[in-house]
Amino acid sequence: MLTFLPSLSVFLAYLVAVILLTLTPGPDMTLFLGKAIGQSRKAGIAAFAGASTGLVVHTVAVAIGLSALLAASTTAFTILKVVGAAYLVYLAIQAIRHGSALSVGGKGSADPIGKVYLKGLMVNLLNPKIIVFFVTFLPQFVTPTDPHAAGKLLFLGLMFVVVATPISIAMIWSAGSLATFLKRSPRATRTVDWLFASVMGAFAVRLILAQGK
């Protein structure tokens with residue numbers, strides 16, 4: 001039996017969140033689109049591969065850490081989920097107040113592909129915001145009493161990379177046109193910001209209501 005699979009409703013909600021997160025500009029998107037435009041599509045894919053490797057490392061670490069926390073204290077795990085809900089509200093407010101921006105330069109240095117991969121790896125591996133986000137975001141999709149929480153956390157984290165890969169590769173393939181569109185159409189970026197804020201806020205409300213039952 002595939003005990004690591006979440007319920008269909010939880011999985012679909014998670015997919016929506018991942019898609020919006022993938023479309024929201026950040027340091028990793030800036031790097032792989034910048035490399036695609038300034039060097040080559042191959043370099044853009046290498047940067048994305050490095051960034052994805054960083055996410056996989058965080059996923060494994062977070063799944064192990066949260067599983068240990070759950071085994072030690074379901075109360076502590078519940079508290080973490082409530083703190084996570086507060087953090088999601090904060091992210092929603094920040095998205096509305098400040099928005100996201102994509103700053104992609106023109107022709108850059110032609111780094112070796114291996115170096116580009118390492119740059120992508122470091123962008124996510126050494127970014128404390130990624131750690132905080134995964135620690136507070138992933139637990140929203142499991143319950144403190146779930147005996148299969150560890151497997152589900154690992155599955156959801158890896159699915160983040162699986163879902164993000166085709167979307168990001170499509171963005172890399174059309175990087176020039178995409179960057180131009182986003183720069184000329186701030187309304188499109190703001191739409192993503194509002195969608196992101198809405199989804200994060202909805203997850204936070206859902207969790208708070210669940211805790212009150």
Select from Ser40, Pro166, Ser9 the residue farthest towards the positive end of the dipole of the chain; place +1 on Cβ of Lys and Arg, -1 on Cβ of Asp and Glu, and compute about the Cα centre.
-> Ser40
Here region 112-118 yields Karplus 3J(HN,Hα) values (6.51, -1.76, 1.60; θ = phi - 60°; whole Hz; Gly and Pro given as x) of x, 4, x, 5, 4, 4, 5
Rounded to 0.05, the calculated FRET efficiency for the beta carbons of Phe4 and Val57 at R₀ = 22 Å is 0.70
Where the centroid of each part is defined by its Cα atoms, how far is region 153-197 from region 1-44 in Å?
-> 7
If r is the Cβ-Cβ distance from Lys42 to Leu158 and R0 is 22 Å, what FRET efficiency results, to the nearest 0.05?
-> 0.35
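Could you order the peptides 81-94, 30-43 from most to least packed, using the average number of other C-beta atoms within 10 Å per residue? Provide the component values of the computation, followed by the final result.
On the way: 81-94: 17.8, 30-43: 21.8.
In descending order of packing, they fall as 30-43, 81-94.
Provide the gained length on full extension for the span Ile131 to Ile167, in nm with one decimal, where the gain is 0.36 nm per separating residue minus the Cα-Cα distance.
On the way: separation 36, 0.36 × 36 = 12.96 nm, distance 2.22 nm.
Additional length available on full extension: 10.7 nm.
Calculated from DSSP H runs of 4 or more alone, at -39500 (n - 2.57) each and per residue, what is the 222 nm mean residue ellipticity of the chain, nearest 500? List each step's numbers first, then the result.
Values: 9 runs with 168 residues, N = 213.
Rounded to the nearest 500, it is -27000 deg cm²/dmol.
Heavy-atom accessible area per residue, the chain, 1.4 Å probe: how many Å²?
Numbers: 10590 Å² over 213 residues.
I get 50 Å² per residue for this part.
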Find the lysine pairs in the chain meeting two conditions, Cα atoms under 21 Å apart and a separation of 8 or more places or different chains, and report how many there are.
-> 14
Whole-Hz Karplus ³J(HN,Hα) for region 8-23, in order, using 6.51 cos²θ - 1.76 cosθ + 1.60 and θ = phi - 60°, x for Gly and Pro?
-> 4, 5, 5, 5, 5, 4, 5, 4, 4, 4, 5, 4, 5, 5, 5, 7
For the chain, what is the charge dipole size about the Cα centre, in debye to the nearest 20, if Lys and Arg each add +1 at the Cβ and Asp and Glu each add -1 at the Cβ?
-> 540
Cα→Cβ-extended label distance, 7 Å offset, between Phe11 and His98, nm | 3.6
Rounded if a/c is under 1.5, else prolate if a/b beats b/c, else oblate: with a ≥ b ≥ c from the C-alpha gyration tensor eigenvalues square-rooted, which is region 22-104?
-> oblate
Rh by Kirkwood over Cα pairs, then Stokes-Einstein D for the chain at 1.306 mPa s and 10 °C, µm²/s = 89
Apply 1/(1 + (r/R0)^6) to the Cβ-Cβ distance of His148 and Ser73, taking R0 = 22 Å, and write down the FRET efficiency to the nearest 0.05.
-> 0.75
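The values are calculated or read from the model by the stated rules, or taken from the named source; none is laboratory data. Not measured: the values here are computed from a predicted model. Every residue, glycine as well, gets a Cβ built from its backbone with ideal geometry; the counts of neighbours run over all protein chains shown. All accessible areas refer to the heavy atoms of the entire protein, side chains included, with ligands and DNA or RNA removed. Shrake-Rupley method; radii C 1.70, N 1.55, O 1.52, S 1.80 Å.
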